[in-house]
Amino acid sequence: MTGAEALAAHLATGVSTTCRAWALTRRDGVVMGFTDHDRALAFEGIAFRPETGMSARAVTAGTGLAVDNTEALGALSDAAIREEDIEAGRYDGAGVRAWIVNWRDVAQRMVIFAGTVGDIRRAGGAFEAELRGLTDALNVPLGRVYQTRCSAVLGDRDCTFDLDTPGYVAERVAEQVTQNRVFRFAEMAGFDEGWFRHGVLKVQGGAARGLQGMIKRDRMEGAARVIELWHPLGAAVAPGDALRIEAGCDKRRETCQVKFSNILNFQGFPDIPGDDWVITDPSKSPRLDGGSRRG
């Protein structure tokens, strides 16, 4: 008998001992468990704690491809969900599962919701998070873009380039950090100026561990190297925190061929005519033999 069947049999007795439990999995791998029961539960290797004050509203379930939505409510605390972690974006897109559980026998349980965290609102020491069902992913536009530049993300399954290739990653510790956005290093030998522009800076230690930012500029200031992000990171980066700085790609065919030697996996259409060519008037050249206008 499955856990859901055992739970159904328990509910059929008319005297039930059930509660709800939630598991939250952040994108950095941290897993947190919550329950509305008055004592801790444990199953699937997760400890579900009651003291967080977290609760959830009823799931709005639909048929077909309709998105199942609900909301989670709770108090901000150091022991559970902290305001600074929300501000840092650690819960953006986090995975959520919810169960009905027989607290006398946690093997008797059934999943009632699976999805991700959407918008989070904070006020008065509490939070309210929108939970979006799995079918919400069907609202995301998919398909390739017919454009001159590459549509792949450097290192993804379409690009296939291995970012761990020597010469394309700098493993450093933070030295001088301004506004969690500008990183200055005394030197960074072996990498040309601009090598990391359009790349990613990932924090691997300290209070901002797990956060990352897109690189806007990579420039030299004398012998020093300055890496500037588009947006500040959501948590403080201190000198000595471990960083991983990955090379950037501007999506041009020349960059793919020369910088990464990966032209066979280029996902753009560099030879498509531009708008000015499409709307141009007929050629005034005496040569009108139907040949190519691009010479």
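Values quoted throughout were computed directly from the atomic coordinates according to the rules given, and no laboratory measurement underlies them. Just so you know, these numbers come straight off a predicted model, no measurement behind them. Positions of Cβ are backbone-derived with ideal geometry, glycine not excepted, and every protein chain shown enters the neighbour counts.
Brief remarks follow.
- A simple charge model with +1 on the Cβ of Lys and Arg, -1 on the Cβ of Asp and Glu and nothing else charged puts the dipole of region 169-266 at about 320 debye relative to its Cα centre.
- As a length-normalised measure over Cα pairs under 8 Å and 6 or more apart, the relative contact order of region 169-246 settles at 44 percent.
- Among 173, 208, 195 - extreme Cα towards positive end, dipole of region 169-246, charges at beta-carbon: 208
- Between the residues 224, 185, 236, the greatest Cα displacement towards the positive end of the dipole of region 169-246, with unit charges on the Cβ of Lys, Arg, Asp and Glu, is found for 236.
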